[in-house]
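Remarks on the structure that follows.
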Amino acid sequence: MKSSLQRAVFLGLLGAAMSALALPLEPPGVLKAPDILSLDEAVDLALEQNPSLHASRAALDGSVWASRKSWLAFLPSGSFSSSVTRVDDDTYNRANQAVSGMEQMFEALGISGVEIEPFLYRDTYRTSLTVNQQFPLNLNLLGQRGLASAGLRAGEAGYAASRSEIVLAVRQAYFGVLATREMNTVARESVASAENRMALARDKAELGMLPRSDVLRWETTLAEAKSGELAASNGVRLAEMNLNRLLGRALDAPLALERVNEASLGHALCLSEIDPESFAKGILNHSPTARIIQAGKDAAAGGKTLALSGITPSMHFSLSKGWQDNDTMELDGDGTWSMTALVTMPVFDLMGNYASYKQAAADKRRAEYASVDALEQLRMGAWASWLEVERSRQNLSFRESAERQARETFKEMESRYEAGQVAEFDLVDVQVALTAARAQAVASRYEYFGALAALESLVGEPLTTEETK
């Protein structure tokens, strides 16, 4: 009841936040070019192509059938058999010699019409049906059912966790491509600006208006800018290759990506608006990781029940019905049946089974303690992820403000430099500071998007009915 109330509160807060913060992903009336890959399309493509997700799906299918098998174990088991036996002529004649002798003896006594069944038939047809049924409360059945149920829940949670990991990896790779491309743009603009300034400085130096040291300073700045551009270019290539790898495409396949903003991560943005304690409780109750932890504890409990079956009695029932047909295609009425109720109790292996039970009991206690610690770590992780979103959001605000200030400072210093009020060195420093501020703003923006994606990945994606079939 408490868990249901917590789930309702968590989903209610999430729904309220999404309603309040719902933003359109695209402006109305704007059509996207068909060759541009959006963030959601990239995620869908990766989910279709990723081999590790297919492996997780196969593992889930195995868990589903293992669970069904544990239920089928409660049903009766049995077999139907049919056989035909033929004996050779010598054996048949020797076995039935007494039949003709006895018939002659009865005729000698004046008794006629006596037919004696042969002692051995040449052909014997045997058919039997055997049904076995365990008592439904046998601990081995209950233990196997508990293990299979825990395995199924672990498989479902593992599949959901795999999906979340792939979604997070694709989103971060997508952000990485956009970030490196913007960094590369900043680096190219920095190179172009440095080249322009160096050309002006050389012209002034030739006219005797600037010392040689100022020109050398611009040459140094240009060399550093070109080095940064080379690093940014390599970063773009590696980021694109990484995204193509996750999408199951050729590493050198061209990528046309759509720009992203907070609206592209609307669900994560709504999650970040929930207070951290409620968010952490929701993670502990519903996330794939939490479900895996709980399934591990339940599996240990099932293992203990299964081990207990080795030191307790079990009940079994058996019903057998047989038919016999001799030399004809019709049953001659010879039939047998039996019914057995069996109680088994281990004797000679009792001490070994008891040791196995104590080991399973210790494993159950270990799993309980480990699950408590794992859940606390998960709670800490939820808090850390939420706080990281807040930190990166504020940091982005600071970096964007710093970029605006650096741009305004550069414009002002450029005007003062043209008026001869500041030296060349001052303008160089301001331009370098502007480039650094722009780069930090770009990095902070995608760091914030990555933090939002990581926050959402903790919640995971619920499985649909079709996915669990």
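The values are calculated or read from the model by the stated rules, or taken from the named source; none is laboratory data. Predicted model, so just to flag it, every value in this text is computed and none were measured. Glycine also receives a Cβ, built like all others from the backbone with ideal geometry; neighbour counts cover every protein chain displayed. Surface accessibility is based on the protein's heavy atoms, side chains included, excluding ligands, DNA and RNA. Shrake-Rupley method; radii C 1.70, N 1.55, O 1.52, S 1.80 Å.
Table for the structure above
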item	result
Residue under evaluation residue 324, criteria (1) of a type in the set (S, T, N, Q); (2) modelled with pLDDT under 90; (3) surrounded by 11 or more Cβ atoms within 10 Å (Cβ to Cβ); (4) not in a strand (DSSP E or B), criterion not met	(4)
Search result, residues across segment 145-172 that are open to solvent by 10 Å² or more (accessible area, probe 1.4 Å) and over 17 Å from residue 459 (Cβ atoms)	145, 146, 147, 148, 149, 151, 152, 153, 154, 155
Number of positions in segment 239-276 that are under 19 Å from residue 182 (Cα atoms), without any contact (Cβ under 8 Å) to a residue 40 or more places away in the chain and assigned to a helix (DSSP H, G or I)	2
Residues within segment 55-103 that are in a helix (DSSP H, G or I) and either in contact with a His (Cβ under 8 Å, 6 or more places away or on another chain) or not β-branched (Val, Ile, Thr) (or both), tallied	30
Residue match in segment 340-350 (condition: surrounded by 12 or more Cβ atoms within 10 Å (Cβ to Cβ) and among the aromatic types (Phe, Trp, Tyr))	no
Residue within segment 295-317 that is crowded, with 18+ Cβ neighbours inside 10 Å and in a strand (DSSP E or B) present	yes
Subset of segment 46-80 that is at pLDDT 90 or above and polar (S, T, N, Q) - its residue that is surrounded by the fewest Cβ atoms within 10 Å (Cβ to Cβ)	79
Test: residue in segment 394-401 that is touching a residue at least 24 places away in the same chain (Cβ under 8 Å) and open to solvent by less than 40 Å² (accessible area, probe 1.4 Å)	yes
Some residue of segment 124-144 being open to solvent by 60 Å² or more (accessible area, probe 1.4 Å) and in contact with a helix residue (DSSP H, G or I) (Cβ under 6 Å, 6 or more places away or on another chain)	yes
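To keep it simple, each residue is scored yes or no on (1) in contact (Cβ under 8 Å) with a residue 60 or more places away in the chain; (2) touching a Lys or Arg at 6+ places or on another chain (Cβ under 9 Å).
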residue	(1), (2)
98	no, no
104	no, no
109	no, no
124	yes, yes
129	yes, yes
136	yes, no
144	yes, yes
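A quick yes/no check of all residues on (1) open to solvent by 40 Å² or more (accessible area, probe 1.4 Å); (2) touching a Leu at 6+ places or on another chain (Cβ under 6 Å); (3) closer than 30 Å to residue 60 by Cβ:
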| residue | (1), (2), (3) |
| --- | --- |
| 243 | no, no, yes |
| 246 | no, no, yes |
| 249 | yes, no, yes |
| 254 | yes, no, no |
| 260 | no, yes, no |
| 267 | yes, no, yes |
| 275 | yes, no, no |
| 285 | yes, no, yes |
| 289 | yes, yes, yes |
